[in-house]
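Engineer: Dumping the structure here so I can ask a few things about it.
Throughout, read-outs are computed from the coordinates displayed, never taken from laboratory work. As the structure is a computational prediction, the values presented were derived from the model and not from experiment. Reconstructed Cβ throughout: ideal geometry from the backbone, glycine too, with neighbour counts over all protein chains shown.
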Amino acid sequence: MELHLLFEAQYNEVALSIDEVAERISTLGGVAIGTTSEFASASQLKETPGKVPEIQGMLKELVGDHEKIVRALRKGIDDADKKYSDAGTADFLTGLMQKHEKAAWKLRKYFKD
């Protein structure tokens, strides 16, 4: 049950972040994507349909996904700052990165040695 609640909290946090990203895109005059197929094609994360990992495998997969997002955000922060001189977006992405770092940290606490 504890993991279920943790996963639910992370799901809700990601859903909120998606809305915040869409708002940031709109604030800058862009158009945010909004369909499942657009999200899937734009995602750097890969799904494994039909594969249901055991709990430790699921935890490691989720941590790996958070780490992949953190790496992408670090590049985005650097680009926003140096390439585009957009301190607002760099700050926004830094906040997202910190959320993913914390989510990965919380999940790592459940790894068995």
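Engineer: Roughly what angle does helix 87-108 make with the longest principal axis of the chain, taking Cα atoms, 0 to 90 degrees, to the nearest 10?
Structural biologist: On a 0 to 90 degree scale, this one is about 0.
Engineer: Computed over the Cα atoms of the range 2-108, what is the convex hull's projected area averaged over all directions, in nm²?
Structural biologist: 7.3
Engineer: Farthest toward the dipole's positive end in the range 14-113, which of His100, Ala87, Ile18, given Cβ charges of +1 (Lys, Arg) and -1 (Asp, Glu) about the Cα centre?
Structural biologist: After comparing all options, I get His100.
Engineer: Calculated from DSSP H runs of 4 or more alone, at -39500 (n - 2.57) each and per residue, what is the 222 nm mean residue ellipticity of the chain, nearest 500?
Structural biologist: -24000 deg cm²/dmol
Engineer: Please give, to one decimal in nm, the separation of the simple spin-label points placed at Leu28 and Ala87, each 7 Å out from Cα toward the Cβ.
Structural biologist: 1.7
Engineer: Let me ask something else about it. Beta carbons within 10 angstrom, averaged per residue: use that to sort the peptides 37-46, 84-93, 6-15, 59-68, highest first.
Structural biologist: Result, highest mean first: 59-68, 84-93, 6-15, 37-46.
Engineer: What do you get for the angle between helix 55-78 and the principal long axis of the chain? Use alpha-carbon atoms, 0 to 90 degrees, nearest ten.
Structural biologist: The answer is roughly 10 degrees.
Engineer: Excluding residues on the same chain fewer than 8 positions from Lys112, give the aspartates and glutamates whose Cα lies under 18 Å from its Cα.
Structural biologist: Glu2, Glu54, Glu61
Engineer: Using Cα-Cα distances under 8 Å and only pairs 6 or more residues apart, what relative contact order does the range 30-113 have, in percent?
Structural biologist: 33
Engineer: Gap in Å between the Cα centre of the range 65-103 and the Cα centre of the range 35-61?
Structural biologist: 21
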